[in-house]
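Report on the structure given below.
The values are calculated or read from the model by the stated rules, or taken from the named source; none is laboratory data. Note that this is a predicted model, so its numbers are computed, not measured. Here the Cβ positions follow ideal geometry from the backbone for every residue, glycine too, while neighbour counts run over all protein chains shown. Just the protein is used for accessible areas: all its heavy atoms, side chains included, with ligands, DNA and RNA removed. Shrake-Rupley method; radii C 1.70, N 1.55, O 1.52, S 1.80 Å.
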Amino acid sequence: MSKQLQFKLVLLGESAVGKSSLVLRFVKDQFDDYRESTIGAAFLTQTVSLEDGTTVKFEIWDTAGQERYKSLAPMYYRSAACAICVYDITQSASLEKAKSWIRELQRQADPSIVIALCGNKADLSARRQVSQEEAQKFAEEEGLMWCETSAKTGEGVNEIFDRIAHKLPQV
Ligand code: GTP
Ligand code: MG
């Protein structure tokens, strides 16, 4: 009988970096050019299969990035096994915001939480403000996973959830 694991995952990051779009791509393989800003938070699930037959069900909390919802975030990350902190590669301020979420998680979340830093909108590299080197260096120093994704093209999206699934405890 193969193993079935379940993990809570939270997405954090500034409004409009593409958190909901990443989840929509991962869960439904779809993309909308015009997405409504999230109110409060949204809950979705998706299951991935590992090579050894283990299935990993992600229970995903897609939080709202607008400042007025900031105080709700601890409710979602407190019991999370993993977090994806998202920034937009065309907005350097959004990397600063992602870093501040990472610092908050390091102080307040479960010490064993798996954290990924994710630069979204990789399809807009002509407007890039955040270099791969800068973000990757920060992630390495903090011991985080790092990736770039495009919810629009799908680039890197399944890969990051897959890498997280492999990093979670397989007990
Ligand atoms: P909040 O819910 O307000 O926190 O925002 P969010 O982070 O969930 O952003 P959302 O997914 O709503 O995306 C914001 C806008 O960016 C939408 O118009 C998306 O179509 C667009 N977008 C998201 N991901 C990408 C991407 O990878 N590439 C491009 N070009 N646009 C994207
Ligand atoms: Mg959203």
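Structural remarks
- Remark on Gly119: its backbone amide H falls under 5 Å from those of Tyr87, Cys147, Glu148, Thr149, a criterion applied only to residues 5 or more positions apart or on other chains, H modelled at 1.01 Å from N.
- Accessible surface ranking that places the most exposed of Arg35, Arg107 first, with a 1.4 angstrom probe: Arg107, Arg35
- Centre-to-centre separation between the Cα atoms of the stretch 96-114 and those of the stretch 40-67: 18 Å.
- Net charge, Trp146 excluded, C-beta distance under 14 Å - Lys, Arg +1, Asp, Glu -1: -3
- Only the Cβ atoms of Lys and Arg (+1) and of Asp and Glu (-1) were treated as charged; on that basis the dipole of the stretch 3-167 about its Cα centre amounts to roughly 440 debye.
- Charge sum, other residues only, whose C-beta stays under 9 Å from Phe43's C-beta, Lys/Arg counted +1 and Asp/Glu -1: -2
- Under 17 Å from the Cα of Lys28 - lysines, other chains or at least 8 residues apart: Lys19, Lys57, Lys152
- Nonlocal amide H pairs with Gln129, under 5 Å, H built at 1.01 Å: Thr90, Gln91
- Directionally averaged projected area (convex hull, Cα atoms, the chain), nm²: 9.6 nm²
- Computed in the context of the full set of protein chains, the accessible area of the chain at 1.4 Å probe radius has 47% of its extent on carbon or sulfur.
- Solvent-accessible area per residue in the stretch 27-143 equals 54 Å², computed with a 1.4 angstrom probe and all protein chains kept.
- Toward the positive end of the charge dipole of the chain, with +1 on the Cβ of Lys and Arg and -1 on the Cβ of Asp and Glu, the farthest Cα among Ser20, Cys85, Phe43 is that of Phe43.
- Three-way shape call for the stretch 1-47 based on the alpha-carbon gyration tensor, with the a/c threshold at 1.5: prolate
- Computed over the chain, the per-residue total of -39500 (n - 2.57) for DSSP H runs of n ≥ 4 gives a 222 nm mean residue ellipticity of -9500 deg cm²/dmol, rounded to 500.
- Tilt relative to the chain, helix 92-108 - C-alpha long axis, 0 to 90 degrees, to 10: 40 degrees
- Sequence-distant contacts, meaning Cα pairs under 8 Å at least 6 residues apart, place the relative contact order of the stretch 17-130 at 24 percent.
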